Amino acid sequence: AGIIGGTLLALMVALGAWAHYRITLTRFESRREETVGINPLDGHFSKKRLKLADFFHPFYKATTAAKFEECELLGPAAVFLLSPQMLHCIFEGCEAVIVKDKIDVIGAMAFAHCTFDRCHFYKVTFLVSKEQYLATKSATGGEVWPVISDGRAGDL
């Protein structure tokens, strides 16, 4: 009876964990579907839920000098930052890849000299230089994205 009870309890816990995972994923997808259609050429976005994929340019041109205020920026997305200004932002499920200096990054949404004020980023992989990463780390008091690649692969 004890073994059967323990097995049933373990199955119920596993089923509960799976259900929680599915509910969380469904909520995230619902939020992604609620995003507004945007014109990525606009220079100012305020209190909007935006899919970062909408900022992808087929010829790899960066979104330049745009200002984002209290926006929810949803991935999954790879974002290349060039001299960003991030003020009081929140990052959920985000990570960083350290890229070599003076390397052009293609295949990612690029943001150059943009301001992100009180924005909330979800599931974003940031492609940043080592200097940008360290500056972000010191500006946030050590709270920054985990690094999934530190650029030490050498000259391949």
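Could you tell me whether any residue of segment 100-116 is modelled with pLDDT of 85 or more and open to solvent by 20 Å² or more (accessible area, probe 1.4 Å)? Within segment 100-116 (the criterion being modelled with pLDDT of 85 or more and open to solvent by 20 Å² or more (accessible area, probe 1.4 Å)), the answer is yes, since at least one residue qualifies.
Screening segment 48-67 for residues that are touching a strand residue (DSSP E or B) at 6+ places or on another chain (Cβ under 8 Å), assigned to a loop (DSSP other than H, G, I, E, B) and at pLDDT below 90 and picking the one that is surrounded by the most Cβ atoms within 10 Å (Cβ to Cβ) gives Ala62.
Of all residues in segment 117-156, exactly one satisfies the criterion of being among the charged types (D, E, K, R), open to solvent by less than 80 Å² (accessible area, probe 1.4 Å) and modelled with pLDDT of 85 or more, namely Asp117. In this structure, Ala78 does not qualify as within 22 Å of Arg49 (Cα to Cα), open to solvent by 40 Å² or more (accessible area, probe 1.4 Å) and modelled with pLDDT of 90 or more.
The values are calculated or read from the model by the stated rules, or taken from the named source; none is laboratory data. All values reported here derive from a predicted model rather than from experimental measurement. With ideal geometry, Cβ positions are generated from the backbone for all residues, glycine too; neighbour counts draw on all protein chains shown. The area values use the complete protein model at the heavy-atom level, side chains included, leaving out ligands, DNA and RNA. Shrake-Rupley method; radii C 1.70, N 1.55, O 1.52, S 1.80 Å.
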